[in-house]
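So the structure is just underneath, and the comments pick up after that.
None of the figures in this text is laboratory data; all of them are computed from the coordinates on show. No experiment lies behind these values; they were computed from the predicted model shown. Note that each Cβ is placed from the backbone with ideal geometry, even for glycine, and that neighbours are counted across all protein chains shown.
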Amino acid sequence: MATLAVLGTFDTKGEEHGYVAELIRQRGHAVLLIDVGTLEAPKLTPDIPRTAITSAAGADLDAIVAKRDRGEAVAAMTKGAPVVLARLQREGRIDGVISLGGGGGTAICTAAMRALPVGFPKLMVSTLASGNTAPYVGVKDIVMMPSVVDVAGLNRLSRRLLAQAAGAICGMVEARVPAGAADKPVIVASQFGNTTPCVTHARTLLEQAGYEVMVFAATGSGGRTMESLVEAGMVSGVLDITTTEWADELVGGVLNAGPTRCEAAARGGVPAIVTPGCLDMVNFGERASVPEKFAGRRFYQHNAQVTLLRTNPEECAELGRILAAKCNLSTGPATVLLPLKGISVISAPGQPFHWPEADAALFGEWKRHLRPGIPVIEYDGNINDPAFAELCVGELLKNLAAKAKG
């Protein structure tokens, strides 16, 4: 028997959450009712009251109720619910979570779900599930199910859909991973189209060495997801071949992963290899979408929807300083590898983004600002040479061995 958290605004949607809770009990599972409503009395008696949520947020529920300020109420619950739900998960008191909501409820409850680890069952039935769900899902595995009708009472359609939602969350907690699927230690790697040959060869070698390799596209969300898995303690080593998201973060491209990209492995002491893969390019959409301030710069039309801007020497120098600062956070074994004849397919000699002065600025500032104790290996070739992939794998295996020795 599992225990499922039923999380929601019990003042406005108590009847619906109660219906789902009863269906879960009929499936043989226990329920923990958590109220994040504020403005009216709850229509469903919770196991964890709203005062516990606002207390976790450092807020005064009575003051919020007195103001009748819905925005302040949602903000307090959005801050407190993740604290409470994460604590319940750490203590082993819940095995999954389901919620039903409109705009406010979805904001509160998905914030709480994002505080839970990947692999923990999470289901959000929402009026917003048919639109852009990225702000609600983030980099976590939250299942968003459209409510179709508003979560406003029970009717012949909502009963069916909510019954299916209850069955879905029960199925998620009942599911078992086949034996042997999680036996191998995990390496995560970052990849772009312009570094695919390198990562593909490295992945093959690491799999032959007994590792499971998860490859993430360096598209912003991919980098954030990779970092979240490292933070969650699911990863033994990081092959960060493609740090291109920092070029978008610095210059203003569309595939940035935020200012903490490249920090998770460093802060967590996870063995890592870091290279400047695709820092020669900043990503934009179709050519007309590129800001006018970049007129006169060097571009490459990857396809009709993707326009690449070549980073110039000044930008590359700053990228070198940024990546050095990220590497300097390392508390575990980390190695920087620099391919001197191209950091992508299109920056190799003879290719449209070949610009030795820009690469030299990147490499020079990176080395200049890197603290002592972090090895730098220069390779006289292109990032996609098989020999470079082999060098990266060899150094990562050394770092993994060093970590294992303590």
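Report, to the nearest 10°, how far helix 156-174 tilts away from the longest principal axis of the Cα atoms in the chain, using its own Cα long axis and a range of 0 to 90°. For helix 156-174, the angle is close to 60 degrees. Pairs of lysine residues in the chain that meet both criteria, 8 or more places apart or on different chains and Cα atoms under 26 Å apart, total 27.
For region 146-211, which trypsin sites (Lys or Arg not before Pro) pass both filters: DSSP loop (anything but H, G, I, E, B) and at most 12 other C-beta atoms within 10 Å? If you can, show how the numbers build up before the last one.
Working: sites: R156, R159, R160, R176, R203; in loops: R176.
Filter output for region 146-211: R176.
Given 20 °C and 1.002 mPa s, how large is the Stokes-Einstein diffusion coefficient of the chain in µm²/s, with Rh as the Kirkwood radius over Cα pairs? Mind showing how you got there, number by number?
On the way: Rh = 23.4 Å.
Estimated via Stokes-Einstein, D reaches 92 µm²/s.
For the chain, a simple Cβ point-charge model (Lys and Arg +1, Asp and Glu -1, everything else neutral) yields a dipole of about 600 debye relative to the Cα centre.
Once the Cβ-Cβ distance of A325 and R156 is raised to the sixth power relative to R0 = 60 Å, the FRET efficiency obtained is 0.55. Could you state the angle between the C-alpha long axis of helix 10-26 and the longest principal axis of the C-alpha atoms of the chain, as a value from 0 to 90 degrees rounded to the nearest 10? Between helix and principal axis, roughly 90 degrees.
What trypsin sites (Lys or Arg not before Pro) does region 8-86 have in DSSP loop regions with at most 12 other beta carbons within 10 Å?
Qualifying residues, ordered by number: R68.
Computed on the Cα trace of region 293-406, the radius of gyration divided by the Kirkwood hydrodynamic radius gives Rg/Rh = 1.03.
When the GluC sites (Glu not before Pro) in region 241-302 are filtered for DSSP coil states and for at most 12 other beta-carbon atoms within 10 Å of their beta-carbon, the remaining sites are E286. Considering only beta bridges that DSSP places wholly inside region 186-405, some 30 percent are antiparallel.
Report summary: the helix-based calculation at 222 nm, which adds -39500 (n - 2.57) for every DSSP H run with n ≥ 4 and divides by the residues of the chain, gives -13000 deg cm²/dmol.
Only Lys, Arg, Asp and Glu count, each charged at its Cβ (+1, +1, -1, -1), so figure out the dipole size of region 3-174 about its Cα centre, rounded to 20 debye.
Values: 18 positive and 16 negative charges, 56 e Å.
The calculation lands at about 260 debye.
Go ahead and set up a Gaussian network model of the chain, Cα springs under 10 Å, then flag whichever of E395, E318, E40 fluctuates most. Most flexible of the set in this elastic network: E40.
With each label modelled as a point 7 angstrom along the Cα→C-beta vector, the Q351-R25 pair spans 6.3 nm.
State to the nearest 20 debye the size of the charge dipole of region 274-335 about its Cα centre, where the only charges are +1 on K and R beta carbons and -1 on D and E beta carbons. Working shown, then result.
Details: 7 positive and 6 negative charges, 7 e Å.
Charge dipole, region 274-335, about its Cα centre: 40 debye, nearest 20.
Charges on Cβ only, +1 for Lys and Arg, -1 for Asp and Glu, centred on the Cα centroid of the chain; of P339, V125, G381, which one is farthest towards the dipole's positive end? My answer, from the dipole projection, is V125. Looking at region 267-358, the DSSP beta bridges with both ends there are about 75 percent antiparallel.
With the charge dipole of the chain set up from +1 on Lys and Arg Cβ and -1 on Asp and Glu Cβ about the Cα centre, the Cα lying farthest toward the positive end among the listed residues G58, L39, W355 is that of L39. Among W246, W355, the order by Cβ neighbours within 10 angstrom, fewest to most, reads W355, W246.
Seen against the Cα atoms of the chain and their longest principal axis, helix 70-90 is set at about 80 degrees. Farthest toward the positive end of the dipole of the chain, out of G406, Y300, S190, is the Cα of G406, where the dipole comes from beta carbon charges about the Cα centre. Bridges between two residues of the chain, per DSSP, are antiparallel at a rate of about 15%.
Note on region 3-174: Kirkwood radius taken over Cα pairs, Stokes-Einstein applied at 10 °C and 1.306 mPa s, translational D equal to 102 µm² s⁻¹. The label point for E390 and the one for E292, both projected 7 Å from the Cα toward the Cβ, are 5.3 nm apart.
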